[in-house]
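What follows is calculated from the coordinates using simple rules that are stated; it is not laboratory data. Source: prediction; values computed, not measured. In this analysis, Cβ positions are derived from the backbone assuming ideal geometry, glycine residues included, and neighbour counts consider all displayed protein chains.
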Amino acid sequence: MNRWAYELIRALVDDGRDPDPVTVLARAKHQPAADALTPNQPPAPERHHRLALHLAELYTHTVTPAVAATHARDVLEPAYRHAFREQGMRMQHLAETAADPDDLTHQFTLIRDELAKLWRRCKVAATPAWDTP
């Protein structure tokens, strides 16, 4: 069911249409799954009904806008910490080589900018949409 739903959603997006559940189900009446036993015939009503139930389950148990920021923060904060650690090790390695001081300064600036960009993404993810000016 997931594969069929993905095929339907992908086809709708490729057509420039919004893959809302109603549109996905409408498309499913005429587009069977690629691995269907009879891919040249419309799906049986029972299979279409199973897809409808499956889509209802998917759409009601997915990430909602209310918790999307929390999920983004849960991903971005550890990514920031990991990047900070990796860049710190990179700076340590550069310091231990015979790198030119100008090159060290340039690399430090690049690392600082990269970490600042990732930190800004973390801050945006931590701020609820209704809290932004």
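What does the C-alpha gyration tensor say about the overall shape of segment 77-129? Classify as rounded when a/c is under 1.5, otherwise prolate if a/b is larger than b/c, or oblate.
Taking the square roots of the gyration eigenvalues as a ≥ b ≥ c, segment 77-129 is oblate.
How many angstrom lie between the Cα centre of segment 2-62 and the Cα centre of segment 72-105? Comparing the Cα centres of segment 2-62 and segment 72-105, I get a distance of 45 Å.
Overall, segment 1-123 carries a charge dipole of about 460 debye about its Cα centre when +1 sits on the Cβ of Lys and Arg and -1 on the Cβ of Asp and Glu, all other atoms neutral. Sort segment 2-60 into rounded, prolate or oblate with this rule: let a ≥ b ≥ c be the square roots of the eigenvalues of the Cα gyration tensor; rounded if a/c is under 1.5, and if a/c is not under 1.5, prolate when a/b is larger than b/c, oblate otherwise. The shape class here is oblate.
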